[in-house]
Amino acid sequence: MTALGDVLKNIILWNRTEDQLYNRIFVVSAFSGVTNMLLENKKTGEPGVYHRLAKQKDFHQPLEDITDKLQAMNEKYEPLGLNLHAANMFIEQRIDQAQKYLEDLSNILASGYVSDESILQAEREILASIGEAHSAYNLFDILQNRGINATFVDLCGFNDHKSFTIDQRIKHIFKEINTEKTICVATGYAKGTEGIMREFERGYSEITFSKIAIAVQATEAIIHKEYHLSSADPSIVGVENCVPVGFTNYDVADQLADVGMEAIHPKASKPLEIKGISLIIKNAFEPEHPGTIITEDFVSQNKRVELITGSDKLVIIDIYDPLMVGEVGSDLKIMQDFAEFGISYIFKATSANSISVAIWEKDFDKKLITRLKGDFETVNVEHVAIVCIIGSNMDQPGILAKAAGALAENKINIKAGGFALRKVNIQMIVSREDYKNAIIALNKAMFVRN
């Protein structure tokens, strides 16, 4: 959204005139960095306004500073047609309104009569909504000022006190809109009684996107990203060394999400898959390219690897006990402990006397390790990375050997590995310091040499 000029040229206006512009709904995220200022930096964890609220510190000045920053941001979009005065007034009023809600919630929290969790979650919801309201209004205003009929679909619910679920709010608002005669610009944040951030946290805009597609019975859903959905991460292997995937299926999209490379949030993709709505991932800066089409039933005609991906933010927990061998349910106790601590694993491998489980580093809990050590003889923890070879049809002799050979050529040791019978995802655990070299080596072996 920060590259709003390119969004207008490459996405909204590309090869369209008059009525061709309409019958489309754009679900927008906040401008780059805005939600980080409001909540916390997604990558570094640097605290934003929310953390002052959580610690019951004064938040008025930081919120006022954000108003100034968003209004300064607006100036950049005035040449595109933004009515600067109207846009500044809109965000000032929205933040003033949010501030009143936050003051009321802070006073309730200070009283000690309600649980911290519910109040703090409500404060996160209010703050998060500001970013999407800001960007959606700006795009709507620019379109209107260019003579294009646009509708601002504000799903934040600031002026709607009905106790709707998210789905109910979406249906209620869109039933009044004739999409064939307008471009809808909808906020990626949607207010609902269930709280969109309680389950989805910062992935909520894709949930809103999916729910809108289902509500209006869309024929297709398109996500515009900075890069193509590519054979490997362009920032690691270089744009020149990767290719767009082109076609794949929702199963592959789920595999990507499982290791943190989300084509789309899995809770957003599943409803689209069930309803038979094709998902397209496009590069916002290459509008002529068809992108990658994700459907329910696609299977590559040729046996091939489609993607190399992974993450270097994992911890592997290796649990050893000589009594495991032949013991029915040895892993049941381990999984019960993981479930009790609310921790999901993304990799699991077993031998006669040991079970290795990889989890996200952010989910690591020392109390879990203490529990496991009480039940089993030896428990070791190591920071690692995972690299994955993924494809809709790659069950052929030699793939695993080719991958292992590529890593061996680069002196990268495979600490653990595994795949299910369907061979949609071959996973290998490597040292964290070897992660980028492993991605480059596998990409070179599977794609560059071809």
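Rolling a 1.4 Å probe over the protein heavy atoms gives the stretch 43-175 an accessible area of 50 Å² per residue. Extending 7 Å from the Cα toward the beta-carbon at both Q217 and E340 defines two label points whose distance is 5.0 nm. Rolling a 1.4 Å probe over the heavy atoms of the protein chains gives the stretch 214-301 an accessible area of 47 Å² per residue.
Note on E46 and D297: the extension gain reaches 86.1 nm, defined as 0.36 nm multiplied by sequence separation minus the Cα-Cα distance.
Annotation: aspartates and glutamates with alpha-carbon distance below 17 angstrom to K367 (same-chain offsets under eight excluded): D318, D337, E340, D375, E377, E382.
Taking each of K303/K402; K69/K436; K42/K267 in turn, the alpha-carbon distance tops 26 angstrom for K69/K436. What FRET efficiency comes out for the pair V325/H289, r = Cβ-Cβ distance, R0 = 56 Å, nearest 0.05? Once the sixth-power term is evaluated, E becomes 0.55.
For the stretch 338-450, the solvent-accessible area works out to 52 Å² per residue, with a probe of 1.4 Å and every protein chain left in place. For the chain, the dipole from Cβ point charges (+1 on Lys and Arg, -1 on Asp and Glu) about the Cα centre works out to 700 debye, to the nearest 20. Summarising the label geometry, the points placed 7 Å from Cα in the beta-carbon direction at M89 and D395 lie 6.4 nm from one another. Return the carbon/sulfur percentage of the accessible area of the chain, one whole number, probe 1.4 Å, all protein chains in place. Carbon and sulfur: 49 percent of the exposed surface of the chain. Taking the longest Cα principal axis of the chain as reference, the axis of helix 330-340 is set at about 20 degrees. Modelled label positions at V381 and E194, each set 7 Å beyond Cα in the direction of Cβ, lie 3.3 nm from each other.
Answer with one residue from N443, A86, L368: the one whose Cα lies farthest towards the positive end of the charge dipole of the chain, charges on Cβ with Lys, Arg +1 and Asp, Glu -1. So the residue furthest toward the plus end is N443.
Note on the stretch 89-187: lysine pairs with Cα distance below 23 Å, sequence gap of 8 or more or different chains, count 4. Of I412, I280, I343, the residue with the greatest mean-square motion in the GNM of the chain, using alpha carbon springs below 10 Å, is I343.
Among residues other than D65 with Cβ under 15 Å from its Cβ, the summed charge is -3 (Lys and Arg +1, Asp and Glu -1). Potential lengthening of the chain between K333 and Q61 amounts to 92.9 nm, from the contour at 0.36 nm per residue minus the alpha-carbon distance.
When only Cα pairs under 8 Å and 6 or more residues apart are kept, what is the percent relative contact order across the chain? It rounds to 13 percent for the chain. Spatially, the stretch 204-270 and the stretch 167-189 are offset by 23 Å when compared through their Cα centroids.
How big is the charge dipole of the stretch 92-173 about its Cα centre, in debye rounded to the nearest 20, if each Lys and Arg gets +1 on its Cβ and each Asp and Glu gets -1 on its Cβ?
360 debye
Of all aspartates and glutamates in the structure, the ones whose alpha carbon falls short of 15 Å from that of K211, not counting any fewer than 8 places away in one chain, are D154, D167, E194, E199, E220, E273. When the Cα positions of L143, C156, L120 are compared along the charge dipole of the stretch 90-221, L143 comes out farthest toward the positive end, with charges on each C-beta of Lys, Arg, Asp and Glu. Averaging the sequence gap over all C-alpha pairs within less than 8 Å and six or more residues apart, then dividing by the number of residues, gives the stretch 249-339 a relative contact order of 26 percent.
Take every pair of alpha-carbon atoms less than 8 Å apart whose residues are at least six positions apart; their mean separation over the length of the stretch 1-120 yields a relative contact order of 16 percent.
The values are calculated or read from the model by the stated rules, or taken from the named source; none is laboratory data. All values reported here derive from a predicted model rather than from experimental measurement. Because the Cβ atoms are built from the backbone with ideal geometry, glycine has one as well, and the counts that use them run over all protein chains shown. Just so you know, the surface numbers come from the protein's heavy atoms only, side chains and all, with ligands and any DNA or RNA stripped out. Shrake-Rupley method; radii C 1.70, N 1.55, O 1.52, S 1.80 Å.
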